[in-house]
Structure formats: C-alpha cells, structure tokens
Amino acid sequence: MRAGLVGLILILISNVGSAAEYIVRFRGDTAKGIKALKELDGFQSVKTFIPQLNMAVIKGQGLPVSRIGEKSAGEILYIARNGRVRLVSNDSVPTLSQMESEAGGTWGIKASNTFEAWKITQGDRKIVVAVSDTGTFMKHFDIGDNIWVNPGEFGKDANGKDKSKNKIDDDGNGYIDDVNGYNFETNSPSPNENHYHGTHVAGTIGAVGGNKSGISGVNWYTSIMTVKFLGADGSGTDEAAIKTIVYAADNGARVINCSWGSDEANPALYDAIKYAMDKGMLFVAAAGNDSSNADKTPMYPAAYDLDNIVSVAASYNDKGELAGFSNYGKVSVDIVAPGDTIYSLDTPLRNTVSKGWFQYLSGTSMASPHVAGAAALMLAANPNLKWNEVKAILLETSTKKTFLTDKVSSGGFLNVGEAVKKAKFLADRTH
Ligand SMILES: [Ca+2]
Ligand SMILES: [Ca+2]
Ligand SMILES: [Ca+2]
C-alpha cells in the first residue's frame, strides 16, 4: 500500500514538471506577441524564433492547440504542437548481389521513360533540389559532384581563410558555414548522413550519371541541397522540418523532396509550405505507406490542400500498378511513380548488416524522389517554368491508366520523357 502511494505521488509530480513544446504564430509585432504569451496560463519560456514565418517555438504545458485555418483575433494567431514526423520507407533487407548498371538504368528510371528525357537533357547543376531528410553521405563516389555548393560560403574570405570553415556567416543568411546545406537536427553546418534514407533519396534524384560507375539518378547533373532534420531513428520534430523548408526556399532551391510525414495536421508546417509556394518552390511529398485512402486517412504534409504540393504514390512495376503498401486518394494524391525495390545509394559507414555502397529500398519515400528528380530535369530543359507549370505538366503528361483513375488526381504514372519534352517545347516556343 505504502509503496503504491509513493508511486502515485511520483507520477503526479512528474506530470506537473513535464513541459511540452509548441509552435506559435504571431499576428505581427513580436514584442506584443511575447507579451501575450506571458499572459497565457501554462506558458513557460521561448526556445527559439523562426522569423520568416513570424513564429516562436516555446515551452509550456496544456496550451490550447488550433487546427489548420483556425486563427484568433489576438496577437497570437494560433498555437500548434511541436510534434514529430517520420520517414516513409519500409524496412527491407538490402540485396547487394545485383548491381544494376549505370547505362542500363534502374527499373524505376526505365519504367518512367527517363531515357527519352535524357535525349533532351541530362540535367543542369544550376538547378537546386533540396532533400529534407536524414542527410546525405557526402563521401559517396556517385553523388559528390552533384552536391550543392553555396557560393556565399565557398572560397577564401578577406583573411585568406576557407569560408566554409571560418565560423563566419559569410553570406549573411543566418547560418554559419552552410556550404552544402544545414543540419537542423543538431543545429550545425554539416548535413552528413547518420542513417541511410536521405542518401538513397538523394541518389534517385541525382546520383552522378556518365561516370561509368554505380547508377544514374533521374538527373546526371544537378545540385542536391541537403537540409537534414531526421535523426538516426528516422524521426524529427515539426520545428526542424519547418526550418528545412524555410531554408531551402530562402536559399535558391526550386524543388524540395519530403519523404516523411505523420497523421497529425500542423498549421505551422502548413504555413511553412505556403511560404515556400510564395517563394516559388515546388513541394514533392511521399503519400505514405499505410495502404490507405489518404482522402479519408491522410498523412501530412502530402495531404495538405496546398497547390505547390505534389503527393506521390508508389508503384511496384512498369505498368504503374500501385504497390500494396502505398497510400492513394483521388483528391489528395496526385501521381504514381516507381517506389518498390528501388536501387540507389547506401552509406557504407553505417553500422548495420549492409555496409554497402548501394541497396534496394521500398516505400513512397522512394517514389517521391523520382518525381522531384523529374521536376529538376524539366527545369534543366526550361528554367523559366514556374512551380505551378511544372506541376501541371507532370500531371498532364503522366501515362493514364484506367486502374489509376480513382486512385490519384492525374489518373497516371510518371512519364519523365513526356514531361521534359513538354517543358522543352514551351522553352522553344517562347524564344
Ligand atoms: Ca551562411
Ligand atoms: Ca563561413
Ligand atoms: Ca554513376
């Protein structure tokens, strides 16, 4: 009896002490917003600010959380939970015996008619694609040349020091030494991989082509900006996810790939994607691996109702038939792309069974980068396209399948060749 009572008291005490994190959006003036925060029951402290979105991340307890679209009339527009999201690849046993050849392409590259696109363009390093994920294994021989280099953090400073290591924010973007992107998991400059998911995604978009080794991504040449926030366990906070999106939009990415999500809608994350839309960035997202109709059981961010989002379902074959794990949805999912048993880059230094340079993974996580890669290739063919034109062409040129009519809004399977042809046609017509 006594021991039980002591246990109960301890539980009560620990509940009193447990603070949660929230993301708050202010109406306008930050000082007024903070004053309003201090009057809130349950508010404890401000942790950090996201100035581009007029947001603060705060600590508190039992604060009222708003849904998307709900805004108060006061200084605090809304309060969101600082929840967590997870990557959406399935656990799979890597198969390393088979090396899919570079010139022959991986099955996903072939099935999505990418060879036709390569007759027009093989990509362009001027086009920057952000990968918001677990990081990129920078030392992989088949990605190194396609890693984004921030021109403002590259070369020598006035004192002859390497700008990428001088501990100075040379380009004044708020981040010190962010030469290849940024690590929002640890708040440090190096977005190097500590998992394997992000490197695999980056490889599908832009593993170096034409180097006669490994594979080719959808783009032989591109610039991968790595914005890391998912950790070694494959999860990360909404706060850090938001920061990856804002960073990418602010620093020149035309496209971002987000192969992660959660079932909880978050108005702050929604607003970050809207901010990216206003900056002209296309947001390509994995539809989710719950075998669900996402119109009824959504996964976010893919299912947010925002025009710059392309939500991607996964196919397991070259006909474009849906993989059993893939989410679908006539309204909220847009297109199908290869996403089962996809061969791409691995991280040899990770401490697991594989330790190889390449591996197979499955998931809508793997389908999404085929579409993000296609968008980058279209922009290489026609850099003047706006995000809404890129999206419209991707959906319109997809190969229509009757069995996909009720599954995704386009009713089609990604056709990179036709999409790039259309992009090039529009470029030629306007010049
Ligand atoms: Ca900087
Ligand atoms: Ca620097
Ligand atoms: Ca290669």
> Which value results for Rg/Rh of segment 218-327 when Rg is the Cα radius of gyration and Rh the Kirkwood radius based on the inverse mean 1/r?
Replying inline: 0.97
> At q = 0.21, 0.30 Å⁻¹, what log₁₀ I(q)/I(0) does a Debye calculation on the Cα points of segment 169-222 give, no solvent, two decimals?
Replying inline: -0.83, -1.05
> What angle do you read, to the nearest 10 degrees and between 0 and 90, between the alpha-carbon axis of helix 238-250 and the longest principal axis of the chain?
Replying inline: 50
> With a ≥ b ≥ c the root eigenvalues of the C-alpha gyration tensor of segment 115-218, is it rounded (a/c under 1.5), prolate (a/b larger than b/c) or oblate?
Replying inline: prolate
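Going through the cross-link list LYS126/LYS386; LYS401/LYS424; LYS296/LYS400; LYS35/LYS71; LYS279/LYS400; LYS330/LYS424, which pairs have a Cα-Cα distance over 20 Å in this structure? The partial results should precede the final answer.
Details: LYS126/LYS386 16 Å; LYS401/LYS424 25 Å; LYS296/LYS400 23 Å; LYS35/LYS71 18 Å; LYS279/LYS400 31 Å; LYS330/LYS424 29 Å.
Table pairs above 20 Å Cα-Cα are LYS401/LYS424; LYS296/LYS400; LYS279/LYS400; LYS330/LYS424.
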> Among THR430, VAL128, PHE184, which residue has its Cα positioned farthest towards the positive end of the charge dipole of the chain, with +1 placed on the Cβ of Lys and Arg, -1 on the Cβ of Asp and Glu, and the dipole taken about the Cα centre?
Replying inline: THR430
>> Let me cross-check TRP107: its accessible surface, 1.4 Å probe, with only protein heavy atoms counted, in Å² to the nearest 10?
In response: 60
>> Positive end of the dipole of the chain, charges at C-beta (+1 Lys, Arg; -1 Asp, Glu), about the Cα centre: which of GLY231, ALA158, ALA111 has its Cα farthest in that direction?
In response: ALA158
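Would you work out the relative contact order for segment 211-334, in percent, from Cα pairs under 8 angstrom that are 6 or more residues apart?
Numbers: 189 pairs, mean separation 25.6, N = 124.
Computed value for segment 211-334: 21 percent relative contact order.
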> ASP295: accessible area at probe 1.4 Å, nearest 10 Å²?
Replying inline: 60
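For the chain, which whole-number percentage of the solvent-accessible area (1.4 Å probe, protein heavy atoms only) is attributable to carbon and sulfur atoms?
53
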>> How would segment 337-410 be classified by its alpha-carbon gyration tensor: rounded, prolate or oblate, with rounded meaning a/c under 1.5 and the a/b versus b/c comparison settling the rest?
In response: oblate
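Quote the charge dipole size of the chain about the Cα centre in Debye, to the nearest 20; the model charges only the Cβ of Lys and Arg (+1) and of Asp and Glu (-1). Intermediate values should be presented prior to the final figure.
Details: 43 positive and 46 negative charges, 49 e Å.
The dipole magnitude comes to about 240 debye.
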> Counting alpha carbon pairs within less than 8 Å and at least 6 residues apart, what relative contact order, in whole percent, applies to the chain?
Replying inline: 18
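Under a 1.4 Å probe, what is the accessible area of segment 355-431 per residue, stated in Å²?
Details: 2820 Å² over 77 residues.
The answer is 37 Å² per residue.
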>> Over the Cα atoms of segment 257-303, each weighted equally, I'd like the Debye log10 I(q)/I(0) at q = 0.29 Å⁻¹, rounded to two decimals.
In response: -1.11
> Just how much of TYR196 is accessible, in Å², when a 1.4 Å probe is used and the result is rounded to the nearest 10?
Replying inline: 40
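Taking all protein chains together and a probe of 1.4 Å, list TYR270, TYR22 from the most accessible to the least accessible.
Working: TYR270 50, TYR22 15 Å².
I get TYR270, TYR22, largest accessible area first.
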>> If you count only protein heavy atoms with a 1.4 Å probe, what accessible area per residue comes out for segment 18-82, rounded to a whole Å²?
In response: 54
> Along the three principal axes, how long is the chain when you take its alpha carbons, biggest first, rounded to the nearest angstrom?
Replying inline: 70, 60, 49
> Nearest 10 degrees, 0 to 90: what angle lies between the long axis of helix 267-278 and the longest principal axis of the chain (Cα atoms)?
Replying inline: 40
>> Please report the equivalent ellipsoid semi-axes of segment 18-82, computed as sqrt(5 x eigenvalue) of the Cα gyration tensor, largest first, in whole Å.
In response: 16, 13, 12
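Largest first, what is the accessible-area ranking of GLU239, GLU389 with a 1.4 Å probe?
Working: GLU239 15, GLU389 75 Å².
The ranking, largest first, comes out as GLU389, GLU239.
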> Could you work out the helix-only [θ] at 222 nm for the chain, with each DSSP H run of four or more residues adding -39,500 (n - 2.57) and the total divided by the number of residues, to the nearest 500 deg cm²/dmol?
Replying inline: -8000 deg cm²/dmol
> So for the chain, taking the charge dipole from beta-carbon charges (+1 Lys/Arg, -1 Asp/Glu), which of TRP260, ILE168, GLY144 sits furthest toward the positive end?
Replying inline: ILE168
> Cβ under 11 Å from GLY83's Cβ, GLY83 left aside: what net charge do those residues give with Lys, Arg +1 and Asp, Glu -1?
Replying inline: -2
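What does the accessible area per residue of segment 139-243 come to in Å², with a 1.4 Å probe and no ligands, DNA or RNA counted?
Working: 3910 Å² over 105 residues.
Each residue of segment 139-243 exposes 37 Å² on average to a 1.4 Å probe.
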> Semi-axes, largest first, in whole Å: what does sqrt of 5 times each Cα gyration tensor eigenvalue give for segment 266-362?
Replying inline: 27, 19, 12
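The values are calculated or read from the model by the stated rules, or taken from the named source; none is laboratory data. In this text the structure is predicted, and so the values were computed from the model without any measurement. Neighbour counts are summed over all protein chains in view; Cβ atoms, including those assigned to glycine, are modelled from backbone coordinates with ideal geometry. Protein only, heavy atoms only, side chains kept; ligands, DNA and RNA dropped before computing areas. Shrake-Rupley method; radii C 1.70, N 1.55, O 1.52, S 1.80 Å.
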